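The values are calculated or read from the model by the stated rules, or taken from the named source; none is laboratory data. Keep in mind that this is a model prediction, so the values were computed, not measured. So basically every Cβ, Gly included, is an ideal-geometry build from the backbone, and we count neighbours across all protein chains shown. Calculation scope for accessible area: heavy atoms of the full protein, side chains included, ligands and nucleic acids excluded. Shrake-Rupley method; radii C 1.70, N 1.55, O 1.52, S 1.80 Å.
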Amino acid sequence: MQAAQQNDWLDRTRRNIAAGATDMVDSIARIDVARYIDPVRLAREQDLLFRRHPMAVSFSSRLARPGDVVTHDLLGIPILLTRDREGRLNAFLNVCRHRGAKLVWQRDQCGQRSLVCPYHAWTYDLAGKLRGIPHEEGFAQLDKVTHGLARLPVTEAFGIVFVVPQPGESYDFDSFFATLRADLDGFGLGNHVLYDEREIGVAGNWKLVVEGGLETYHVRHAHRATIAPMFADNVAVADRLGRHARLYFTKRNAAELQGQPLEGKSVRDYGNPLYYIFPNLVILVQPDHATVMAVFPQGTDASIVQGGALIPEPPQSDKARQHWDKNVKIFWDALDEDFQMAQAIQPGFRSGANSHVTFGRFEQGCIWFHEEMDRVLAAHGM
């Protein structure tokens, strides 16, 4: 994040603290509870949100060397990532072009030189080209060039690998990340490495899980046993960045900013900047690292959270590992409290108690989240 932006955030933060206020939008919003339980709605979300926008499916450090291979299956579409011999990152559908078998079954591999289908041993190189067919005389009319693996648009940003899970050669990633790139590149996350990746099932709609990170109103109560003592009560700075958003979870020590010059001060010392990337990704920036959480629907009442910590370098000592283990535990303990809330809310949507959810004026991140979803769905007739 650039110095001018940091000064703006810190100035807005101390003004909110002095006024006993927080950033707010003009009005509350009401969301029909049907959108959390309707399978038709979910199918549209999966098609229009999750298959037509960049999805965080892995981390750059998991594909750091030529020969590294990673698979991803949480979107209901088999995805295969490779770092080829020339160092290029590739994304494909993890589907053999012969009879459609899943090509790579392991979660990750290293040192690979080729990809061999376990069904009939059709062989591809790491760039997706079909290189070998056993008993090739049986396929005399087959064009190998047109039977390479089905390619997906892929890019790396902020230490994360993003894939658009629809076959194609290109996607305008620069436009998609334009409102976020200066901030997140400024934190140096592209040079960070993955630590303690996790995959957690939650018995709640994917939107409930995302919403848990988009407002500070709940922190004092839902997180009273974990992180609440560190944070000011419902004091935040919030900015809408097109389809994305950023929020600042203000720590109690931000009260020290009153009457102090802001030059040279870092937002990482007085709170946690949180970035929401449409439609399902949250990046929480902390003093010396960042944590990443992507949420994938597995049904109307079920989702999977995949994430981990991005740290500056691999730990070289027990002391360093203890430091990161402690920080990771704090993050996941707090998230577990959010997951428990989501799991308690989901049955209530089917109870008939409420016809709608109400978001307050300082829950603007949730409001923006739903508005952007609605905009995309409406553009396609829903």
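Restricting the search to strands (runs of 3 or more DSSP E) fully inside region 288-382 and requiring at least 3 residues that are touching a Lys or Arg at 6+ places or on another chain (Cβ under 8 Å) and closer than 22 Å to LEU214 by Cβ gives 302-311, 356-359. Taking region 79-94 as the range and being assigned to a loop (DSSP other than H, G, I, E, B) and either acidic (Asp, Glu) or open to solvent by less than 40 Å² (accessible area, probe 1.4 Å) (or both) as the test, the residues that pass are ASP84, GLU86, GLY87, ASN94. Within the span defined as region 258-265, one or more residues are open to solvent by less than 30 Å² (accessible area, probe 1.4 Å), over 16 Å from the mean Cα position of the chain (by Cα) and modelled with pLDDT under 95. Condition first: assigned to a helix (DSSP H, G or I), at negative phi, touching a residue at least 12 places away in the same chain (Cβ under 8 Å) and surrounded by 20 or more Cβ atoms within 10 Å (Cβ to Cβ). Can you find one or more residues in region 95-111 that meet it? No, because not a single residue in region 95-111 is assigned to a helix (DSSP H, G or I), at negative phi, touching a residue at least 12 places away in the same chain (Cβ under 8 Å) and surrounded by 20 or more Cβ atoms within 10 Å (Cβ to Cβ). Kindly establish whether LEU310 is aliphatic (A, V, I, L, M), buried (at least 16 other Cβ atoms within 10 Å of the Cβ) and under 9 Å from the mean Cα position of the chain (by Cα). When the stated conditions are applied, LEU310 does not pass them.
Residues checked against (1) under 30 Å from LEU126 (Cβ atoms); (2) outside any loop (DSSP other than H, G, I, E, B); (3) modelled with pLDDT of 95 or more:
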position	(1), (2), (3)
GLN6	no, yes, no
MET24	no, no, yes
SER27	no, no, yes
ARG30	no, yes, yes
ALA34	no, yes, yes
ARG52	yes, no, yes
VAL57	yes, yes, yes
SER61	yes, yes, yes
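Whether any residue in region 268-287 is open to solvent by 30 Å² or more (accessible area, probe 1.4 Å) and either under 28 Å from PHE349 (Cα atoms) or in a helix (DSSP H, G or I) (or both) is what I want to check. The answer is yes; a qualifying residue exists. Residues in region 127-167 that are part of a strand (DSSP E or B) and closer than 17 Å to LEU103 by Cα: 4 in all.
Against the conditions (1) farther than 23 Å from PHE92 by Cβ; (2) under 16 Å from the mean Cα position of the chain (by Cα), ASN191 satisfies every one except (2).
The condition of being farther than 22 Å from GLN46 by Cβ and β-branched (Val, Ile, Thr) holds for only one of VAL305, VAL282, VAL295, VAL237, that being VAL237.
When region 117-145 is limited to residues that are under 33 Å from the mean Cα position of the chain (by Cα) and open to solvent by 70 Å² or more (accessible area, probe 1.4 Å), the one that is farthest from LEU49 (Cα to Cα) turns out to be PRO118. Just one of the listed residues (ALA157, ALA182, ALA178, ALA150) is closer than 30 Å to PRO314 by Cα, small (Gly, Ala, Ser) and touching a Lys or Arg at 6+ places or on another chain (Cβ under 8 Å), and it is ALA157.
Can you name every residue in region 165-184 that is closer than 18 Å to TYR248 by Cβ, out of contact with any Leu (no Cβ under 8 Å at 6 or more places or on another chain) and not aliphatic (A, V, I, L, M)? The answer is ASP183, and nothing else. Just one residue in the set ALA43, ALA3 is in contact (Cβ under 8 Å) with a residue 24 or more places away in the chain and open to solvent by 50 Å² or more (accessible area, probe 1.4 Å); that residue is ALA3.
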